[in-house]
Amino acid sequence: MTPTHGDGSGQGPAAQFAVSRAVAQREWTDQCNRAVRTVAAQARDVTEFTGLLSMLGLDDGMDSVPVLSRTLADYVQRVATAVGTPADGIGYEVSDTATAYVGLADRVPQQPDRELMLLWDERLGWYLEVETRPHETPVVLCYLEGDPVPAPALVARFVTDVLAGRRTSRLRPVLLRVDRMALARSMAANCAQD
C-alpha cells in the first residue's frame, strides 16, 4: 500500500516539488520560445533582434543547441516551401554539427536516375548534391557562396540557377568557426522577413 499524504497525492513533499519544478521549467521554456519568436517577427534586422533579446534577458543562459534547433527547423521549412518541397521531404539535426536536408524532385540530365538533395551545413552553408549510395563519393553540383544563412528566396533562386546551368561553383568554402547563437539570430531574422 502506498502511503498517502495530507493532500491525497500519494507523493511526499520532495516528489511534489520535483514535479512542480519540471512543470514550471517547461512553462518557462515555452514562454521564452514564444518571446524569441515574437522578437524575431518584430525586429527590423539582426542587430535589433540581438539588442531586444539582450534587453529581455533572453540571450543569457539559453543553450545554443535548443535555440539553433528551433530556428533551424523553422528556417529549413521556409526554404523547403520556397523550393517546393513538402514537409516530409526535409530533415535537420543539431549535434556536434548542425545540418539540414531538403529533397528535391528535380534531376540533372547527367544523372537522370539520381535524386537531388539541397543540403545545409553550419560551416558550408547551402549546396546541391546528387544523391549517392553510401560507398560512393559525394557528387556536389554547386555551393552557394556568401552568407551561410541566406533568405529562403535566395536559396530557391540558387537551386533554379544551378538546374538551369547558370551556377557551377564547386569550390568548397573555407570552414570557419561557427557562432551558433549568431546563426540562430540570422535564421530567425530571415524567417521574420518572409
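The values are calculated or read from the model by the stated rules, or taken from the named source; none is laboratory data. These numbers come from a predicted model, not from an experiment. Heads up, the Cβs are rebuilt from the backbone with ideal geometry, glycines too, and the neighbour counts pull from every protein chain shown.
The lone criterion from (1) at pLDDT 85 or above; (2) more than 21 Å from Ala80 (Cα to Cα); (3) within 21 Å of the chain's Cα centre (by Cα); (4) not aliphatic (A, V, I, L, M) left unmet by Asp179 is number (1). In this structure, is Val139 β-branched (Val, Ile, Thr), farther than 17 Å from Met187 by Cβ, without any contact (Cβ under 8 Å) to a residue 24 or more places away in the chain and in contact with a strand residue (DSSP E or B) (Cβ under 6 Å, 6 or more places away or on another chain)? So Val139 does not fit the description; no. Just one of the listed residues (Ala105, Ala156) is among the aliphatic types (A, V, I, L, M), in the same structural domain as Pro86 (by TED's automatic domain parsing), loosely packed, with under 12 Cβ neighbours inside 10 Å and at pLDDT 85 or above, namely Ala105.
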